[in-house]
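Student: Once you've had a glance at the structure underneath, I'll fire off some questions.
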Amino acid sequence: CLMLFLCINVGAQSNGGIVIGGDVYGGGHNGAVGTDNASTPAPAKNKVKMKADSVATIAASVTVYDGTIRSIFGGGENGRTYGSTSVTVEGANTVIGRTALVGTVNGGLFGAGDGDSAYVFGHSNVLIKGGTINQNVYGGGNKADLMGSTRVTLQGGTLNQAVYGGSRLANIFGYSLVDIDGAHATQDLVIK
């Protein structure tokens, strides 16, 4: 991973024994990621100016190959992300969330940040190629505005709840897209 780029890989070449009872974040906890991408990282979100091509830069990324995780966020927990976010889930044995969490915000997959101040100044990209996700999938964040656009691409796996291109209780200032990509499916895709 590059110095300005927070990268988390979970379960590469594992035997399915990885269990994370909490949440995984691509960004920081009450701290910003990718600050060199902004020319004015001011406190007010409408005053932030991004450097040229900064939105094309992936500032925070999570890739899960195997294991069990409660929730995934591409951005931070009340921490800003200056640049775009990426979340990839693959592997037949990957499980996100537990069925006991259905009906709560915990256990889902979010392409962006978590919390009122976890703004993402860029785009979010979610790619699901396999595994089981027991809660909702969101292209955006949870209570965290995203200044760009979102894309959720589904190529395989089992999704036991809903899929949203946008956010939960937050705004997307660009567009949102859900792409059910059967032409490039890596395994069966089931949306319950």
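The values are calculated or read from the model by the stated rules, or taken from the named source; none is laboratory data. Because the structure is predicted, anything quoted here is derived from the model rather than measured. So basically every Cβ, Gly included, is an ideal-geometry build from the backbone, and we count neighbours across all protein chains shown. Only protein heavy atoms, including side chains, enter the accessible area calculation; ligands, DNA and RNA are left aside. Shrake-Rupley method; radii C 1.70, N 1.55, O 1.52, S 1.80 Å.
Student: About its Cα centre, how strong a charge dipole does the chain have in debye, to the nearest 20, once Lys and Arg get +1 and Asp and Glu get -1 at the Cβ?
Tutor: Dipole about the Cα centre, nearest 20: 360 debye.
Student: Once phi is turned into ³J(HN,Hα) by the Karplus curve 6.51 cos²θ - 1.76 cosθ + 1.60 with θ = phi - 60°, what whole-Hz value does each residue of the range 184-190 show in order, with x for glycine and proline?
Tutor: Values per residue, Gly and Pro as x: 10, 4, 9, 7, 4, 10, 10 Hz.
Student: Would you please give the residues with an amide H less than 5 Å from that of ALA38, counting only those at least 5 places away or on a separate chain, with H modeled from the backbone geometry?
Tutor: Residues meeting the amide H criterion: LYS51.
Student: Sticking with this one: Starting from the 7 Å offset along Cα-to-Cβ, what nm value, one decimal, do you get for the label separation of ASP53 and ASN9?
Tutor: About 2.5 nm, to one decimal.
Student: Report the label-to-label distance for ASP181 and ASN106 in nanometres (one decimal), using points 7 Å from each Cα along the Cα→Cβ vector.
Tutor: About 3.2 nm, to one decimal.
Student: Quickly work out the ILE20-to-ILE191 label distance, labels modelled 7 Å from Cα along the C-beta direction, and quote it in nm with one decimal.
Tutor: That separation, rounded to one decimal, is 2.5 nm.
Student: Given H placed 1.01 Å from N in the peptide plane, which residues other than close sequence neighbours of ILE20 have an amide H under 5 Å from its amide H?
Tutor: Excluding prolines and chain starts, which carry no amide H, the hits are THR68, ILE69, ARG70.
Student: Separate question: Over the range 7-116, what relative contact order in percent results from Cα pairs under 8 Å that are six or more residues apart?
Tutor: The value is 33 percent.
Student: So, one more: Find the accessible area per residue for the chain; the probe is 1.4 Å, ligands and nucleic acids are left out, and the unit is Å².
Tutor: 44 Å²
Student: Could you work out the relative contact order of the range 66-150, using alpha carbon pairs under 8 angstrom and six or more residues apart, expressed as a whole percent?
Tutor: RCO, the range 66-150: 37 percent.
Student: Can you work out ³J(HN,Hα) from phi for every residue in the range 161-174, in order, using Karplus 6.51 cos²θ - 1.76 cosθ + 1.60 and θ = phi - 60°, giving whole Hz and x for Gly and Pro?
Tutor: Ordered by residue, 3J(HN,Hα) equals 10, 8, 10, 10, x, x, 9, 9, 6, 8, 9, 10, 8, x Hz.
Student: Tally up the carbon and sulfur contribution to the accessible surface of the chain as a whole percent, 1.4 Å probe, everything protein left in place.
Tutor: Percent of accessible area from carbon and sulfur atoms in the chain: 50.
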